[in-house]
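Structure, as structure tokens:
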């Protein structure tokens, strides 16, 4: 996550920050923070130095640190020490050898990077502020350090390494692109590189509980989010992560590296990188269009470009928006949509019987790519492309629709703009008209058989969609009831079942959704939210107002009731 700050890049700094004095353990220092991410929208806070290594200073928000008991402080220190070791052994050498180094010794004259751990809003894992790379003389809210920020909710989880790798990639990008080349990278591409960093380091190899799993779930909830419009929302990271994993699958991480070192930014830099890498006939437009097909088909049998090679994404199948045509007679269905540049739209048509006409129309001088897939009765697909020939409309026909051809998927994407994207991109409408044309009269028994076959197909489609929705929605637990009390620090199958149960209660109870089998701080916080949600049954009888995070008799009774069993 990156703090976007508009500035005119200066060729020569107005001065240099004095070399920072060596910090000492326990030292308290004031830091300026981003109120957009801070849990209380603070602009500054005090933090205590809890760890120093050869490459890092790690400071923790003082108020939060003081709120932890000695056991939790010790556990946090241990986790931060492990994180620092991982940074020095793996994250730093791998990312700097791939993308290039950060600015060192940097604005403060100190080669060590400062990490500030503080409480952030739900969903935030960390951030980077460009402003810290400048003198206070230029930007008064600068901390004048090479600096990264991590969320306190993340540092005790397996996601801490991924979050640190993501933010460190931003620090590298700032140096390689903005400081050295004096050009500002487009936010969406900067985030794409950062999203790929954990995979490059192997942190997504175990898919369950990984950052990639989180991003996939987010993407499937809102796949039509624009890749290039960057607002820093969850759905932005979903599409960025899924596209960058496809791009590197097909063309290698070198495309990300070369685009970083290009004198161009955004789409033009990726076009240059693809050409430089020798991918003849491939540009960003083709790669993006192929990706929109791949996230639906994901089958290498149709061509390498139509599938993911990453084993953790082999089972990805996007669920398109479904449109039903009347089963008998002639019919006409007109639907309109609005889309933004570089956003996928997956629209599936089923039903009807006869010759299907599909008309596509846009308004104004816009560039669309319109692949479409015709599904045969045996379930296989034929991939085709609608040629708009420089016009704003096009039409194609599918013969024997509803009989030999069971379904049609059309994937229009707007690809007019290639540079200068921001936080709010405009919407543009397009119109689809699906018509079943008149055909020669059929015998009544043939019509009935055809309708029965179509009905069976529609029922199977609905069942498939419902099954996918169930798989993404409410899950199951690996136990039927909770028979023992559970407390912070425990491990085992009952803790795993507890985490599954809490995850099924939704993001308001357990936003992280981690199932690890270890009862840690995040699990305890989720238990407290659950207890407060059902305070009348769990807390009030005991005279408590706030959750305790301890799974006792009353908490177990409520959980068992929700599971459908009682002890």
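What the table shows:
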quantity	calculated
When residues of the range 527-559 are limited to those that are in contact (Cβ under 8 Å) with a residue 40 or more places away in the chain and surrounded by fewer than 17 Cβ atoms within 10 Å (Cβ to Cβ), the one nearest to residue 511 (Cα to Cα)	550
Residue 335 being out of contact with any helix residue (DSSP H, G or I) (no Cβ under 8 Å at 6 or more places or on another chain) and either at pLDDT below 95 or surrounded by 19 or more Cβ atoms within 10 Å (Cβ to Cβ) (or both)	yes
Boolean, residue 248 is in contact with a strand residue (DSSP E or B) (Cβ under 6 Å, 6 or more places away or on another chain) and either modelled with pLDDT of 95 or more or outside any helix (DSSP H, G or I) (or both)	no
Condition met for residue 204 (closer than 26 Å to residue 227 by Cα and either in a loop (DSSP other than H, G, I, E, B) or assigned by TED's automatic domain parsing to the domain that holds residue 271 (or both))	yes
Residue within the range 231-244 that is crowded, with 22+ Cβ neighbours inside 10 Å, in contact with a helix residue (DSSP H, G or I) (Cβ under 6 Å, 6 or more places away or on another chain), farther than 24 Å from residue 426 by Cβ and not assigned by TED's automatic domain parsing to the domain that holds residue 376 present	yes
Residue in the range 14-35 that is farthest from residue 76 (Cα to Cα), counting only those that are surrounded by 13 or more Cβ atoms within 10 Å (Cβ to Cβ) and modelled with pLDDT under 95	17
Any hit, the range 273-289, residues being within 27 Å of residue 371 (Cβ to Cβ), more than 14 Å from the chain's Cα centre (by Cα) and at pLDDT below 95	yes
Some residue of the range 203-216 being within 27 Å of residue 111 (Cβ to Cβ), surrounded by 21 or more Cβ atoms within 10 Å (Cβ to Cβ) and either more than 16 Å from the chain's Cα centre (by Cα) or free of Cβ contacts under 8 Å to residues at least 40 places away in the same chain (or both)	no
Residue 522 under 30 Å from residue 68 (Cβ atoms), modelled with pLDDT under 90 and surrounded by 14 or more Cβ atoms within 10 Å (Cβ to Cβ)	yes
Test: residue 360 is surrounded by 17 or more Cβ atoms within 10 Å (Cβ to Cβ), touching a strand residue (DSSP E or B) at 6+ places or on another chain (Cβ under 9 Å) and either touching a residue at least 24 places away in the same chain (Cβ under 8 Å) or assigned to a loop (DSSP other than H, G, I, E, B) (or both)	yes
Residue tally, condition under 24 Å from residue 340 (Cβ atoms) and out of contact with any helix residue (DSSP H, G or I) (no Cβ under 8 Å at 6 or more places or on another chain), over the range 260-308	6
Checking residue 257 against (1) over 30 Å from residue 337 (Cβ atoms); (2) at pLDDT below 95, the condition it does not meet	(2)
Lone unmet requirement of (1) within 29 Å of the chain's Cα centre (by Cα); (2) assigned to a loop (DSSP other than H, G, I, E, B) for residue 98	(2)
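The values are calculated or read from the model by the stated rules, or taken from the named source; none is laboratory data. All values reported here derive from a predicted model rather than from experimental measurement. Because the Cβ atoms are built from the backbone with ideal geometry, glycine has one as well, and the counts that use them run over all protein chains shown.
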